[in-house]
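Peer 1: The structure under discussion is supplied below as structure tokens; questions concerning it will follow.
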Amino acid sequence: MEDKIKKAAELIKDSNYIVAFTGAGISTESGIPDFRSPGGLWERYDPSIYAEISSFLSHPEKYWKMHRELSQMVLNAEPNPAHVALADLEHKYGKLKTVITQNVDFLHSRAGNTNVLEIHGSGQTARCLKCNKEFHYTQIQQMLEEEQYVPRCPHPCYGLIKTNTILFGEQLPWDVLDQAREEILAADLLIIIGSSLLVYPAAALPSLAQQSGTRLIIINMEPTMMDSYANVVLHSKAGKILPKVFEAFESLINDS
Ligand SMILES: [Zn+2]
């Protein structure tokens, strides 16, 4: 493991345009369990009933019931050392240019990363489906606290409000996906953290990186089908291993 940490640190030292791609695994140490894991959100709330766009339109109260639990979890969560290491890599060294994330918990922005591409949409904002007016999540929280079980746009619109997270049955935001693709093509190092790389578009990233000659580090608890594409693979918790890689990188810099 020490050798792999050192190799990852060297890759970071030799790179000037790093892009990170993160999935649920980076947020579990912040107290947000992977929705798909045992005990995760989808075990208690069948996504075909609670998180699917057509059921949202016919029974929005079900979505909002699940959302209450999710938003409490997100608001109680704090960025963990893995989020902080990525923020330092941007602000202290200017090496990290973009974070692409599957997560809707906005922990990367809260840790301080500035260019965050949220490919599954954002939990920070919501919009009226009728007039397109945008709302901040704090406004939505307030509506929920005032016991509006289904938040609606104020008088005279009364349209249904939906968070800007992507529900099942909705298309992923193509403009954001395009930007993500461009960033990966521009990168000299891609660090994939906490994603099992099973579903599109995450599954396509390692080969995209390989095609463009972008070097690849994979950090995930479990082996992934894509491990053989990577220059370094670290099977560990992100919050434990990323700060070690960062430390090793800093000592390389200080030695030279
Ligand atoms: Zn409206």
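Peer 1: Quick one: which of 117, 41 is open to solvent by less than 40 Å² (accessible area, probe 1.4 Å) and free of Cβ contacts under 8 Å to residues at least 60 places away in the same chain?
Peer 2: Details: 117 fails: free of Cβ contacts under 8 Å to residues at least 60 places away in the same chain.
Exactly one of 117, 41 is open to solvent by less than 40 Å² (accessible area, probe 1.4 Å) and free of Cβ contacts under 8 Å to residues at least 60 places away in the same chain, namely 41.
Peer 1: Tell me yes or no: at least one residue of the range 99-111 is closer than 26 Å to residue 152 by Cβ, of a type in the set (D, E, K, R) and out of contact with any Pro (no Cβ under 9 Å at 6 or more places or on another chain).
Peer 2: Initial filter on the range 99-111 (closer than 26 Å to residue 152 by Cβ): 104-106.
With the extra rule that they be of a type in the set (D, E, K, R), the set shrinks to 105.
From the residues that got through so far, the ones that are out of contact with any Pro (no Cβ under 9 Å at 6 or more places or on another chain) too are 105.
Among the residues of the range 99-111, at least one is closer than 26 Å to residue 152 by Cβ, of a type in the set (D, E, K, R) and out of contact with any Pro (no Cβ under 9 Å at 6 or more places or on another chain), which makes the answer yes.
Peer 1: For residue 158, state whether it is free of Cβ contacts under 8 Å to residues at least 60 places away in the same chain, part of a loop (DSSP other than H, G, I, E, B), closer than 20 Å to residue 55 by Cα and outside the structural domain of residue 245 (by TED's automatic domain parsing). Show your work before the answer.
Peer 2: Values: free of Cβ contacts under 8 Å to residues at least 60 places away in the same chain: yes; part of a loop (DSSP other than H, G, I, E, B): yes; closer than 20 Å to residue 55 by Cα: yes; outside the structural domain of residue 245 (by TED's automatic domain parsing): yes.
It is true that residue 158 is free of Cβ contacts under 8 Å to residues at least 60 places away in the same chain, part of a loop (DSSP other than H, G, I, E, B), closer than 20 Å to residue 55 by Cα and outside the structural domain of residue 245 (by TED's automatic domain parsing).
Peer 1: Looking at the range 141-171, which of its residues are surrounded by 15 or more Cβ atoms within 10 Å (Cβ to Cβ) and either within 18 Å of residue 106 (Cα to Cα) or touching an Asp or Glu at 6+ places or on another chain (Cβ under 7 Å) (or both)?
Peer 2: Across the range 141-171, the qualifying residues are 141, 150, 162, 163, 164, 165, 166, 167.
Peer 1: Restricting to the range 67-83, and then to whatever is under 20 Å from residue 218 (Cβ atoms) and not in a loop (DSSP other than H, G, I, E, B), can you tell me which residue is farthest from the chain's Cα centre (by Cα)?
Peer 2: Taking the range 67-83 as the starting set, the residues that turn out to be under 20 Å from residue 218 (Cβ atoms) are 80-83.
Now restrict to residues that are not in a loop (DSSP other than H, G, I, E, B): 81-83.
On the way: 81: 15, 82: 12, 83: 10 Å.
Among them, the one singled out is 81.
Peer 1: Next question, about the same structure. Looking at 133, 65, 95 in this structure, which one is within 16 Å of the ligand (Cβ to nearest atom) and basic (Lys, Arg)? Let's see the steps before the verdict.
Peer 2: Details: 65 fails: within 16 Å of the ligand (Cβ to nearest atom); 95 fails: within 16 Å of the ligand (Cβ to nearest atom).
After ruling out the rest, the residue left standing is 133.
Okay, residues lined up against (1) over 23 Å from residue 246 (Cβ atoms); (2) more than 16 Å from the ligand (Cβ to nearest atom):
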{"site": "31", "(1), (2)": "no, yes"}
{"site": "49", "(1), (2)": "yes, yes"}
{"site": "58", "(1), (2)": "yes, yes"}
{"site": "72", "(1), (2)": "yes, yes"}
{"site": "110", "(1), (2)": "no, yes"}
{"site": "119", "(1), (2)": "yes, yes"}
{"site": "122", "(1), (2)": "yes, yes"}
{"site": "129", "(1), (2)": "yes, no"}
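Peer 1: Do we find that residue 228 is in contact (Cβ under 8 Å) with a residue 60 or more places away in the chain, assigned by TED's automatic domain parsing to the domain that holds residue 19 and farther than 19 Å from residue 15 by Cα in this structure? Even if it seems obvious, please write down each step before you answer.
Peer 2: Numbers: in contact (Cβ under 8 Å) with a residue 60 or more places away in the chain: no; assigned by TED's automatic domain parsing to the domain that holds residue 19: yes; farther than 19 Å from residue 15 by Cα: yes.
Spelling it out, it is not the case that residue 228 is in contact (Cβ under 8 Å) with a residue 60 or more places away in the chain, assigned by TED's automatic domain parsing to the domain that holds residue 19 and farther than 19 Å from residue 15 by Cα.
Peer 1: Sort through 237, 244 and tell me the only one that's surrounded by 15 or more Cβ atoms within 10 Å (Cβ to Cβ) and more than 18 Å from the chain's Cα centre (by Cα). Please lay out each step first, then the result.
Peer 2: Values: 237 fails: more than 18 Å from the chain's Cα centre (by Cα).
Just one listed residue meets the conditions, 244.
The values are calculated or read from the model by the stated rules, or taken from the named source; none is laboratory data. Everything numeric here is computed off the predicted structure, so don't read it as measured data. Neighbour counts are summed over all protein chains in view; Cβ atoms, including those assigned to glycine, are modelled from backbone coordinates with ideal geometry. SASA here: full protein model, heavy atoms, side chains in, ligands and nucleic acids out. Shrake-Rupley method; radii C 1.70, N 1.55, O 1.52, S 1.80 Å.
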